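Worksheet: the structure to be examined is printed underneath.
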Amino acid sequence: MTSPCRVPGYAGAMQAMHWATVALLIGAYVAVWSIKDGASDATTAGLAMLHRSFGLTILGLTAFRFAWRQRTPVPQLPADVPR
C-alpha cells in the first residue's frame with residue numbers, strides 16, 4: 001500500500017549509490033590531502049594507493065549508475081517546478 005501524498009522519486013538503490021559516491025569522493029580527497037603529511041615513504045605510498053583505489057571504485061560505481069540509469073525511467077518533476 002502506498003501513501004497518497006508520497007512523491008515518486010529515484011529508487012533507494014540509486015540514492016544509495018549516489019551517497020556512496022559522495023562518501024568515496026570525500027575519502028579520496030582526504031587521502032590525497034593527507035599524502036603531504038605522511039610520516040614515512042610507506043605511509044605516503046599507502047595513502048596514494050588508497051586514493052587510487054577510491055578513484056577506481058568511483059569510476060566503476062559511476063559506470064554502473066549510468067548503465068542502470070539508461071534502463072530505468074526518470075521520475076517526473078513536481079508540477080509546481082517552472083519550466
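The values are calculated or read from the model by the stated rules, or taken from the named source; none is laboratory data. Values in this document were obtained by computation on a predicted structure and should not be read as measured data. Note: ideal-geometry Cβ built from the backbone for every residue, glycine included; neighbour counts use all protein chains shown. Just so you know, the surface numbers come from the protein's heavy atoms only, side chains and all, with ligands and any DNA or RNA stripped out. Shrake-Rupley method; radii C 1.70, N 1.55, O 1.52, S 1.80 Å.
Identify the residue in the stretch 56-67 that is of a type outside the set (Val, Ile, Thr) and open to solvent by less than 70 Å² (accessible area, probe 1.4 Å) and, among all such residues, is nearest to the chain's Cα centre (by Cα).
LEU61
Taking the stretch 12-55 on its own, how many of its residues are farther than 23 Å from ALA67 by Cα and surrounded by 13 or more Cβ atoms within 10 Å (Cβ to Cβ)?
15
Checking the conditions here, which among PRO8, PRO75, PRO82 is open to solvent by 100 Å² or more (accessible area, probe 1.4 Å) and at pLDDT below 90?
PRO82
Please name all residue pairs, on different chains or six or more residues apart, with Cβ atoms under 8 Å, provided the first residue is in the stretch 21-37 and is without any contact (Cβ under 8 Å) to a residue 60 or more places away in the chain and the second residue is open to solvent by 60 Å² or more (accessible area, probe 1.4 Å) and among the hydrophobic types (A, V, I, L, M, F, W, C).
Short answer, once both residue conditions are applied: GLY27/LEU50; ALA31/LEU50.
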